[in-house]
Amino acid sequence: MFQLRKSTAIGLLIIAATVCGSSSANAQSVTVRTARILQFQQHRGNYAQENISRLNGMILQLNQNGTFAIAFPNSVFSPMQGRFTVSGNSLILKASKTSRYGNTGFVRGDLVAQINSTSSGPVMTILFASANGNAAVINGTKFSQNTSNAYVAAVLLR
C-alpha cells in the first residue's frame, strides 16, 4: 500500500500519479482517512453533529482505474462510489447514490469534492447534499414527508 506523507506538499501529486498509472509504483489503490476536520458549515437540515461524526470516520479509497469509494460510518450512503479526475494540482471527485427504504421511501445523496495539497498535507473540500422522501396512501389518507441535508467541509487527510 502507498504511504501518504502529510508533511510534503507533493503528496497529492504522488497520489494522482500513482492512482492514474503514470508512476512506476505498484499500488492498485490508495486509502486515506480523516485526520482532522478543518472547517464545517451546515447549510440545510439539523444534522450537523451526525455529519461531523461521519466526517471524522470517513475513509476514502482511490483506485488506479480512476474510480473511488468513500465510506461514512452510520450512513445510508456508505459506501458511495464514483469517478475522479485530475485537474491541475487537484483531484476532483463526484458521486451520487440513490436508495429505496421500505416500500414507500427513497433517499439520494450527491457528493462533489476536491483534494488539494497544502503544507499540512492533502486537504479534501467536500460539498454534500442529500434529500429523502416518503409517501403512502393508507385507507384513502395520504401521508408524506421529506427532509434535506447539505454541508460544506474541509478535512485534512492522512
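If you filter segment 113-143 down to residues that are of a type in the set (Ser, Thr, Tyr) and modelled with pLDDT of 90 or more, you find that the one that is surrounded by the fewest Cβ atoms within 10 Å (Cβ to Cβ) is THR141. Restricting segment 72-112 to residues that are under 16 Å from ALA154 (Cα atoms), among the aliphatic types (A, V, I, L, M) and without any contact (Cβ under 8 Å) to a residue 40 or more places away in the chain leaves a set whose member that is surrounded by the most Cβ atoms within 10 Å (Cβ to Cβ) is LEU93.
Any idea how many residues of segment 42-60 are surrounded by 14 or more Cβ atoms within 10 Å (Cβ to Cβ) and outside any helix (DSSP H, G or I)? Final tally of qualifying residues: 7. Take the conditions in contact with a strand residue (DSSP E or B) (Cβ under 8 Å, 6 or more places away or on another chain), under 25 Å from ARG44 (Cβ atoms) and part of a loop (DSSP other than H, G, I, E, B) and apply them to VAL76. Does it pass? Judged against the criteria, VAL76 is a match.
The values are calculated or read from the model by the stated rules, or taken from the named source; none is laboratory data. Given the structure is predicted, the values throughout are model-derived calculations rather than measurements. Cβ coordinates were reconstructed from backbone atoms using ideal geometry, including for glycine residues, and neighbour counts include every protein chain displayed.
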